[in-house]
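A short write-up of the structure that comes next.
A short reminder: the numbers here are calculations on the coordinates, not readings from a lab. In this text, all values refer to a predicted model and were calculated from it rather than measured experimentally. In this analysis, Cβ positions are derived from the backbone assuming ideal geometry, glycine residues included, and neighbour counts consider all displayed protein chains.
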Amino acid sequence: MIKIEYIIHTDPKGGYWAEVPAIPGCVTEADTLEELEKMVRDAAEGCLFAYLEQMRQQTTSKTASTKFQGKHAVVNL
C-alpha cells in the first residue's frame with residue numbers, strides 16, 4: 001500500500017475538492033469528506049496509471065529506434 005498526501009479544499013458552491021501535490025494535475029471532487037477519500041484513491045490510481053502508460057510508450061518508441069532489448073517490469077499498486 002502506498003500512502004499519498006493530499007490537500008483538501010472546500011468548494012464555495014458546496015462539497016470539497018482535493019489535489020495530490022506529488023502527482024501534478026491529479027485533482028478530484030466530492031460532496032462529503034468520506035466520498036472525497038475514495039475519490040482521491042481512484043484519481044491517484046488513474047493518474048499514476050496514465051503516467052506509467054505514457055512512460056511505457058516513450059520507452060517503447062525509444063527502444064524501437066535504438067534496437068535496445070531491455071527488460072520491462074510492472075509493479076502492482
**Asked** If one puts a single equal scatterer on every Cα of the stretch 7-65 and applies the Debye formula without solvent, what log₁₀ I(q)/I(0) results at q = 0.30 Å⁻¹?
**Response** -1.13
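How would you rank 35-41, 46-52, highest first, on the average number of other Cβ atoms within 10 Å across their residues?
In descending order of packing, they fall as 35-41, 46-52.
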**Prompt:** What length, rounded to one decimal in nm, is gained on full extension from residue 10 through to residue 57, with 0.36 nm per residue of separation minus their alpha-carbon distance?
**Reply:** 13.2 nm
